[in-house]
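A short worksheet on the structure shown next.
The values are calculated or read from the model by the stated rules, or taken from the named source; none is laboratory data. Every value quoted in this text rests on a predicted model; they were computed, and no experiment measured them. Reconstructed Cβ throughout: ideal geometry from the backbone, glycine too, with neighbour counts over all protein chains shown. Just the protein is used for accessible areas: all its heavy atoms, side chains included, with ligands, DNA and RNA removed. Shrake-Rupley method; radii C 1.70, N 1.55, O 1.52, S 1.80 Å.
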Amino acid sequence: MSECVFCRIVAGAAPAHRVYEDDTVCAFLDIRPITRGHTLVIPRNHATDLSELDAETGAELFRAGHRIARAVQGPAFAADGANLLINDGRAAFQTVGHVHLHVLPRKHGDKFRFASGLVLRRSREPDRVAAAIRAGLAGLDTAAETDTDTG
Ligand code: 5GP
Ligand code: ZN
């Protein structure tokens, strides 16, 4: 079994609160969230950093991060914005050597909560938080179907 904690999550050998997965990427809650709903999107196949990631997989990583950012701004989660970020390389504070895109839901006026989150990194009610993000993603699918139905 891989030494890489994120490969172990992909394989189901380590626990995580998963919110989304497909053939290329997997997304789950950060174990030490900076903001409520802080999510990591990773390629299923191991790539240590962006130099090892092919461009198509990088595009899929962003596609999923884009959807999650939209999902958390829907009624199920009710964020007002999001930060999307990759720390690429140890010089950029990458601590886990498996590429990951951070999606950080934000609320208007959350500057001080964000700052304390950076220090405390405390996970609260992860089951409920993950369920709300999954509901937000399902809401995007429903909206897309409605658009198709109404032409
Ligand atoms: P980095 O600094 O490498 O961009 O961020 C790594 C992130 O991975 C951190 O925010 C950290 O909390 C998160 N992390 C580290 N180990 C685990 C783990 O075992 N499970 C989950 N869900 N997140 C992890
Ligand atoms: Zn890995």
Per residue of region 123-134, in order, report the coupling 6.51 cos²θ - 1.76 cosθ + 1.60 (Karplus, θ = phi - 60°) as ³J(HN,Hα) in whole Hz, putting x for Gly and Pro. 8, 10, 6, x, 4, 5, 5, 5, 4, 5, 5, 4
Using amide H atoms built in the peptide plane, which far-off residues or other-chain residues are under 5 Å from Val19 H to H? Ala27, Phe28, Leu29
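For region 80-151, rounded, prolate or oblate, judged on the Cα gyration tensor with a ≥ b ≥ c (square roots of eigenvalues), a/c < 1.5 rounded, else prolate if a/b > b/c? Walk me through the intermediate numbers first.
On the way: a/c = 2.26, a/b = 1.68, b/c = 1.34.
Prolate shape, in that a/c is at least 1.5 and a/b is the bigger ratio.
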Lone cysteines in the chain, defined as no other cysteine's Cβ under 4.7 Å from theirs: which are they? Cys26
Enumerate by residue number the GluC sites (Glu not before Pro) in region 1-100 meeting two conditions: DSSP loop (anything except H, G, I, E, B), and at most 11 other Cβ atoms within 10 Å of the site's Cβ. Glu3
Vicinal HN-Hα couplings computed from phi for region 17-27 (Karplus, 6.51 cos²θ - 1.76 cosθ + 1.60; Hz; Gly/Pro x): 8, 6, 10, 7, 7, 9, 5, 10, 10, 9, 10
Quick one: which residues, 5+ away or cross-chain, put their amide H under 5 Å from the amide H of Gly74? H built at 1.01 Å from N. Ala79
Under a point spin-label approximation (7 Å from Cα along Cα-to-Cβ), what is the Glu3-Thr146 distance to one decimal in nm? 5.0
Using +1 at the C-beta of Lys and Arg and -1 at the C-beta of Asp and Glu, which of His108, Thr48, Gly136 has the Cα lying farthest in the positive direction of the dipole of the chain? His108
Sorted by packing (mean other beta-carbon atoms within 10 Å per residue), highest first, where do 106-113, 83-90, 29-36 land? 29-36, 83-90, 106-113
Near the amide H of Arg106, under 5 Å away, which other amide H atoms are found, from residues 5 or more places off or on another chain, if H is placed in the peptide plane? Asp80, Gly81, Ala82, Asn83
Determine the share of the chain's accessible area contributed by carbon and sulfur atoms, expressed in whole percent, with a 1.4 angstrom probe. 53
